[in-house]
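Okay, so here's the structure we're looking at.
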Amino acid sequence: MSDAESPSDAESDGPPSIRASISIRNFSGSPNEITRILGVEPSRSGTAGELRRNVRGRLTSEVLERSYWSLDSSMPPRSTLAQHIDDLLAQVRPITLAFSQLPPGTTVTLFSTIIPNGKIPTLSIHREAMRSLVEIGADVDILFISVVDAPEG
């Protein structure tokens, strides 16, 4: 996932760090059209040709190849994957039917970035959450970023 937190942002000795978002891609035009259809402001969005922003809102040197619209979990990074998913689904539950109005070919993905920090987190998605993700047509994409210190010497 290109919007992932970089390994240098992670704490190497803390609990696992998890971020999650619902991302909408593969649409032509402006992310404002997605906002109009869903009736919800995104946490982040971008138009093809613009410079990409990282999860902290800082501009990077990467140019967006395609437009995107993204809604972030409001849970802290130390929350479980299930808590992030529950938070996101609570945000989109009132607009579930609007997802069917997205332009043809648009993709909806639940993205999660996990930095284990030396501890493997328990990853689970409740059956009801999976059912809700299916209702909005979402795929699930989980990225693990392993931060390993280089040996000294």
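The values are calculated or read from the model by the stated rules, or taken from the named source; none is laboratory data. From a predicted model like this one, the values you see are computed outputs, not experimental measurements. Note that each Cβ is placed from the backbone with ideal geometry, even for glycine, and that neighbours are counted across all protein chains shown.
Looking at the structure I just gave you, is SER28 modelled with pLDDT of 90 or more and either in a loop (DSSP other than H, G, I, E, B) or hydroxyl-bearing (Ser, Thr, Tyr) (or both)?
For SER28, the condition - modelled with pLDDT of 90 or more and either in a loop (DSSP other than H, G, I, E, B) or hydroxyl-bearing (Ser, Thr, Tyr) (or both) - is not met.
Scan segment 72-81 for residues that are of a type in the set (A, V, I, L, M) and modelled with pLDDT under 95 and jot them down.
The first filter runs over segment 72-81 and keeps only residues of a type in the set (A, V, I, L, M), leaving 75, 81.
Of everything in segment 72-81, just one residue is of a type in the set (A, V, I, L, M) and modelled with pLDDT under 95, namely LEU81.
I'd like to verify a number: residues in segment 30-45 that are among the basic types (Lys, Arg) and either more than 17 Å from the chain's Cα centre (by Cα) or at positive phi (or both), how many? Walk me through how you get there before you give the answer.
So the first thing to find is which residues in segment 30-45 are among the basic types (Lys, Arg), and the list is 36, 44.
Imposing the further condition that a residue be either more than 17 Å from the chain's Cα centre (by Cα) or at positive phi (or both) reduces the set to 36.
Of the residues in that region, 1 qualify.
Restricting to segment 40-56, name every residue that is farther than 26 Å from PRO94 by Cβ and of a type in the set (Gly, Ala, Ser).
Once the filter is applied, which keeps residues that are farther than 26 Å from PRO94 by Cβ and of a type in the set (Gly, Ala, Ser), segment 40-56 yields ALA48, GLY49.
Buried (at least 18 other Cβ atoms within 10 Å of the Cβ) and closer than 15 Å to ARG19 by Cα: is that true of LEU133 in this structure?
Working: buried (at least 18 other Cβ atoms within 10 Å of the Cβ): yes; closer than 15 Å to ARG19 by Cα: no.
No; evaluated as a whole, the condition is false for this residue.
I'm trying to understand the selection: among the residues of segment 31-52, which are without any contact (Cβ under 8 Å) to a residue 40 or more places away in the chain and either in contact with a Gly (Cβ under 8 Å, 6 or more places away or on another chain) or assigned to a strand (DSSP E or B) (or both)?
If the condition is that a residue be without any contact (Cβ under 8 Å) to a residue 40 or more places away in the chain and either in contact with a Gly (Cβ under 8 Å, 6 or more places away or on another chain) or assigned to a strand (DSSP E or B) (or both), then PRO31, SER45, GLY46, LEU51 are the ones that fit.
Might you let me know whether segment 58-77 holds any residue that is closer than 18 Å to ASP141 by Cβ, touching a strand residue (DSSP E or B) at 6+ places or on another chain (Cβ under 7 Å), surrounded by 15 or more Cβ atoms within 10 Å (Cβ to Cβ) and among the basic types (Lys, Arg)?
no
Of all residues being outside any helix (DSSP H, G or I), surrounded by 14 or more Cβ atoms within 10 Å (Cβ to Cβ) and among the hydrophobic types (A, V, I, L, M, F, W, C) in segment 88-129, which is modelled with the lowest pLDDT? Just the residue, please.
Per the stated criteria, the residue is LEU123.
Out of all the residues in segment 12-25, which are in a loop (DSSP other than H, G, I, E, B) and either at pLDDT 85 or above or exposed (fewer than 13 other Cβ atoms within 10 Å of the Cβ) (or both)? So that I can check it myself, show each step before the final result.
So in segment 12-25, the residues in a loop (DSSP other than H, G, I, E, B) come out as 12-16.
Scanning segment 12-25 gives SER12, ASP13, PRO16.
Taking ILE85 as the residue in question, decide whether it is modelled with pLDDT of 90 or more, crowded, with 19+ Cβ neighbours inside 10 Å and part of a helix (DSSP H, G or I).
Judged against the criteria, ILE85 is a match.
Name the residue, out of SER61, SER28, SER23, that is among the small types (Gly, Ala, Ser), within 26 Å of ILE114 (Cβ to Cβ) and in contact with a Ser or Thr (Cβ under 9 Å, 6 or more places away or on another chain).
SER23
Six or more apart or on different chains, Cβ under 9 Å: which pairs go from a residue in segment 89-107 that's closer than 10 Å to LEU38 by Cα to one that's aromatic (Phe, Trp, Tyr) and outside any helix (DSSP H, G or I)? Could you list them?
Final answer for the pair search is LEU102/PHE27.
Taking the conditions exactly as written (exposed (fewer than 13 other Cβ atoms within 10 Å of the Cβ), touching a residue at least 60 places away in the same chain (Cβ under 8 Å) and within 19 Å of VAL108 (Cβ to Cβ)), does SER28 satisfy them or not? Steps first, answer last, please.
Working: exposed (fewer than 13 other Cβ atoms within 10 Å of the Cβ): yes; touching a residue at least 60 places away in the same chain (Cβ under 8 Å): yes; within 19 Å of VAL108 (Cβ to Cβ): yes.
Yes; evaluated as a whole, the condition is true for this residue.
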